[in-house]
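The values are calculated or read from the model by the stated rules, or taken from the named source; none is laboratory data. Just so it is clear, the structure is predicted and the values come from calculations on it, not from any experiment. Every residue, glycine among them, receives a Cβ derived from its backbone with ideal geometry; neighbour counts consider all protein chains shown. Just so you know, the surface numbers come from the protein's heavy atoms only, side chains and all, with ligands and any DNA or RNA stripped out. Shrake-Rupley method; radii C 1.70, N 1.55, O 1.52, S 1.80 Å.
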Amino acid sequence: MARPKKLTDQIEGHRTKEELEERQEQEKALLNLTSLDVDNIPKWLDTKGKKEWKRIAPLMLELPISEHDRQMLAMYCNYVSVYEQCARALKKQGLTVIEIGSKGQAITKQNVNWQTMVQAGREIKSIASNLGLTLDARLRIMVPETGEKEIDPFSAMFDE
């Protein structure tokens, strides 16, 4: 699997001037993509998914997101809905359920909602990272501009 791309400002190591200019042009092209239409909520989402869309989609406009990311955001909202439904079911039913075996004996099994919730949580985490919804992902996308240059504590030793 290839490494995720980084913004030009975050690249470490030597790059030629031509390489840097090419990457900057690619990054500028991202700004020309069609903005996400947050009011166009996917109809296939259930009530909880639509509620999550209404909560998160306006916040997504602060990130470099476009209509190209619509399906990924809709999947995120759907998984949030599934996660919440499973969490409620687990709260109501418990982590284990008792089933009757073929010979009439009671068998304690893990509630199926547990594994579904775990898998939905993994998907949420993965999609959130891809969309820039986690702190770490936002730090990779957005480079804070402090206006100050980084001071190398060892440079003073070599200036003498």
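Values as computed for the structure displayed
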| quantity | calculated |
| --- | --- |
| Members of region 91-132 that are among the hydrophobic types (A, V, I, L, M, F, W, C) and surrounded by 16 or more Cβ atoms within 10 Å (Cβ to Cβ) | TRP114, MET117, ALA120, ILE124, ILE127, ALA128, LEU131 |
| Scan of region 1-51 for residues that are among the polar types (S, T, N, Q) and at pLDDT below 75, ordered by number | THR8, GLN10, GLN24, GLN26, ASN32 |
| Condition broken by SER81, with the remaining ones in (1) more than 26 Å from THR34 (Cα to Cα); (2) open to solvent by 40 Å² or more (accessible area, probe 1.4 Å); (3) not aromatic (Phe, Trp, Tyr) satisfied | (2) |
| Test: residue in region 69-90 that is over 21 Å from ASN130 (Cβ atoms), modelled with pLDDT of 95 or more, part of a helix (DSSP H, G or I) and of a type in the set (S, T, N, Q) | yes |
